[in-house]
Ligand code: C2E
Ligand code: CA
Ligand code: CA
């Protein structure tokens, strides 16, 4: 059963209802990996057969390698993360360089395999995000440097003295040139369309706050097994098309364009309105709201002033507000970030460290932060249900948070078994689909009311 925080509320029965990289990006990476997989496998097999046919078995090895990279790309398309993309990009780079060494110019046939380094460079520059410096900048530069080295013939002394017949090579050079240039042109076209869409989205997003399109959804947080202690405020965008967009579709863009500062404050404003609305009812007046603060907002010198003004104007009790910050926010200008956290904490609000365990903050840094809660990333819970060692790690994280005088909240609790495991490990704050999905304020009010009905199933 789930109860409302605040001692005077009787224990009521509540209903039971059951995402880390952004979803559009995952889909884009999955498509790229699948395409790369199919292209590498078909080209690899075709050239392996060709070289075997002409009895150049030793040269077919690199094309078997190309097939291998293709299979790796298909396998990794299920994970669709940046590290898979980088791994496959390096695999393609290594194989293309090996093929380009073999493909040294002979008589009237020029080298052509190295041309594939150009679409590889462009593909990486367009696909990796600006903040992924290695993938978006250093790797493309490496491809261009290798391209220049092959074009100048710098690696020709490494070429073996075996080659398929000149006619086959001449035919291959035409095919390589056409394919690589078509690939390059396609990448530029896709990038142009992509940038157009991004610009349009950015323009629309810049008007979203003014047009009242920013909505806040709330996901209940539960403590001591069954007491609703409050909710996390999660932003949604009611796009002019009528679709309700989840943060995955626009937070990255909002952060890159700094619009997140304006959007974040709007979320805070609405969260304060909800707190003010709840304060009138003794059953809800003790509920707290957690508001996400982006690392970009932490770099804004006017943050403390703007946040304090909103809280003061709303007339709410500051201790009912909690701010959530990810470890990545501490990566730049840690001292200023901590100073701003402290300034806000001194007004009575509290801080939670979000997605804990996914960043690199040291325990020493953690001790210096004015943080009262660690939100353990969902991935730890998923792994803890599969592996004994991951379970022990989860237990230690909960223990560490308690030793440091903080409480631990497990995110993404989806099943009763996960909840039981967490209780056994000493965790007493939970959030996840098991309790409720994020919902509008109206729906939350109904949820809070109806879940008090004794006919609803117990958690
Ligand atoms: P987050 O802060 O880690 O928020 C939790 C996300 O996990 C939410 O996705 C929530 O719907 C989802 N979730 C909750 N329980 C479960 C579960 O049991 N299973 C699964 N699979 N997922 C669960 P949402 O609302 O799409 O938000 C995604 C991210 O967008 C948030 O992750 C946060 O980083 C960011 N975000 C959301 N609202 C804001 C905001 O107002 N400001 C800023 N700066 N970022 C925000
Ligand atoms: Ca959060
Ligand atoms: Ca989180």
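With each label point set 7 Å from Cα along the Cα-Cβ vector, what nm distance links residue 342 and residue 309?
2.5 nm
Using r as the Cβ-Cβ distance of residue 382 and residue 225, and R0 as 22 Å, what FRET efficiency do you calculate, to the nearest 0.05?
With R0 = 22 Å, the Cβ-Cβ based efficiency is 0.55.
May I ask you to compute the full-extension gain from residue 141 to residue 155, defined as 0.36 nm times their residue separation minus their alpha-carbon distance, rounded to one decimal in nm?
Gain in length upon complete extension: 3.3 nm.
Using the basic label-point model (7 angstrom from Cα toward the beta carbon), what is the residue 27 to residue 171 distance in nanometres?
Spacing of the two 7 Å Cα→Cβ label points: 4.1 nm.
Considering only DSSP beta bridges where both residues belong to the stretch 168-295, give the percentage that are antiparallel (nearest 5).
75 percent
Over all alpha-carbon pairs of the stretch 23-202, lay out the pair-distance distribution in 5 Å bins, whole %, shortest bin first.
Spelled out per bin, shortest first, that is 1, 8, 15, 21, 20, 14, 9, 6, 3, 1, 0, 0.
Could you tell me which of rounded, prolate or oblate describes the stretch 194-352, using a ≥ b ≥ c as the square roots of the eigenvalues of the alpha-carbon gyration tensor, with rounded for a/c under 1.5 and, failing that, prolate when a/b is larger than b/c and oblate otherwise?
The shape class here is oblate.
Using the per-residue mean of other Cβ atoms lying within 10 Å as a proxy for protection, in what order, highest first, do the peptides 122-133, 362-373 fall?
122-133, 362-373
For the pair residue 207 and residue 71, what calculated FRET efficiency results from E = 1/(1 + (r/R0)^6), where r is the Cβ-Cβ distance and R0 = 45 Å, to the nearest 0.05?
0.45
Only Cα pairs under 8 Å and at least 6 apart count here; give the relative contact order of the stretch 23-202 as a rounded whole percent.
20 percent
Which value in deg cm²/dmol, rounded to the nearest 500, describes the helix-derived mean residue ellipticity at 222 nm for the chain, given -39,500 (n - 2.57) per DSSP H run of n ≥ 4 and division by the residue count?
-17000 deg cm²/dmol
Suppose we keep just the DSSP beta bridges with both residues in the chain; what percent of those would be antiparallel, to 5?
For the chain, the DSSP antiparallel bridge percentage is about 40.
Starting from 0.36 nm per residue, how many nanometres of slack lie between residue 443 and residue 404 once their C-alpha separation is accounted for?
That works out to 10.4 nm of additional length.
Any read-out appearing in this document is the output of simple, stated calculations on the displayed coordinates, not a laboratory observation. From a predicted model like this one, the values you see are computed outputs, not experimental measurements. Ideal geometry is used to build each Cβ from the backbone, glycine not excepted, and the neighbour counts take in all protein chains shown.
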